[in-house]
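Every read-out reported here was derived from the displayed coordinates using simple, explicitly stated rules and does not represent laboratory data. Just so you know, these numbers come straight off a predicted model, no measurement behind them. All Cβ positions, glycine included, derive from the backbone under ideal geometry; neighbour counts span all protein chains shown.
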Amino acid sequence: MNRIAGYILVTLGMIGIGFFITYHGSAIPLKELWFMLSLTVAIAGAFVMAKNVMRNNKFGAVDDAEFQRIQVLKSSGEKVALTLDNCEVRTRSYVQEITNDEMPGRTQMIDGLFASERNYQTQEIVQTYIVLQRKYDDRMLNFYSPPVTMSEESLRFYLSEANRIFLYIDKQNPRNYYFDFQNG
């Protein structure tokens, strides 16, 4: 979306610059001011596009590093098949306030003065994750999966099927691990 907005601003700015460079009429007063405004719009569009490109490159680099880490773990790490027998499925929940970025209407403002809880909405977020306890160097370590959007029953069913979820653990550093929810 930002990229499209950047292209539109640059295009409008260039059209304005081209128009006001060649304009010799007297119908538009202060054509130099309009020229500078068009130049400013073009520069703002270029800034939006550059910011979008830099943000995408930064996220791409992080994704590439994470991808490389996962590939190294899959190729050289210890592969543990997770089943209902060797791990535990847990859930946690929290309440999140639903925010509305729009300016409240007149009725909502008056309601807010009378009773502030009228305009307040919450949503309960339930997260399901897997915990595996394993002994390394005479210590019990807990391996926590990232939260998944499945219900607890669905995740248990997914675990009950053979070889569906794997845990890859770095042999030198057991705190470096990756849960693979793919098909092996």
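Extending 7 Å from Cα along the Cβ direction at residue 27 and again at residue 11 yields two label points whose distance is 2.4 nm. The charge dipole of the chain, taken about its Cα centre with unit charges on the Cβ atoms of Lys, Arg (+1), Asp and Glu (-1) only, comes to about 500 debye.
Taking the mean number of other Cβ atoms within 10 Å as a proxy for protection, how do you rank 173-181, 106-114 from highest to lowest? Spell out each step's value before the answer.
Values: 173-181: 15.6, 106-114: 11.0.
Packing order, densest peptide first, comes out as 173-181, 106-114.
What ranking, highest mean first, results for peptides 44-50, 138-144 when packing means the other Cβ atoms within 10 Å averaged over each residue?
On the way: 44-50: 15.7, 138-144: 10.9.
Top to bottom by mean Cβ count within 10 Å: 44-50, 138-144.
Cut-off under 30 Å on the C-alpha distance; same-chain residues fewer than 8 positions from residue 135 excluded. Which lysines are left, in chain and number order? Candidates past the 8-residue exclusion: 74, 79, 171.
Expressed in nm to one decimal, what extension gain is obtained for the pair residue 75 and residue 109 from 0.36 nm per residue of sequence separation less their Cα-Cα distance? Please report the intermediate quantities before stating the final value.
On the way: separation 34, 0.36 × 34 = 12.24 nm, distance 5.89 nm.
Here the answer is 6.3 nm.
Note on the chain: Cα Rg divided by 2.2 N^0.38 Å, N the number of residues, gives 1.75.
Placing unit charges on each Cβ (+1 for Lys and Arg, -1 for Asp and Glu) gives the chain a dipole about its Cα centre, and among 27, 176, 2 the Cα reaching farthest toward its positive end belongs to 27. Rounded to the nearest 20, the size of the Cβ-charge dipole of region 1-94 about its Cα centre is 120 debye, with Lys and Arg at +1 and Asp and Glu at -1.
Of all the stretches in the chain, which is the longest one without any exposed loop site, taking GluC sites (Glu not before Pro) in a DSSP loop (any state but H, G, I, E, B) with at most 15 other Cβ atoms within 10 Å?
Here the longest segment lacking exposed loop sites spans 1-101.
Principal-axis analysis of the Cα atoms of the chain puts helix 31-76 at an angle of about 10° to the longest axis.
Full extension of the segment from residue 160 to residue 94, taken as 0.36 nm per residue of separation minus the current Cα-Cα distance, would add 21.0 nm.
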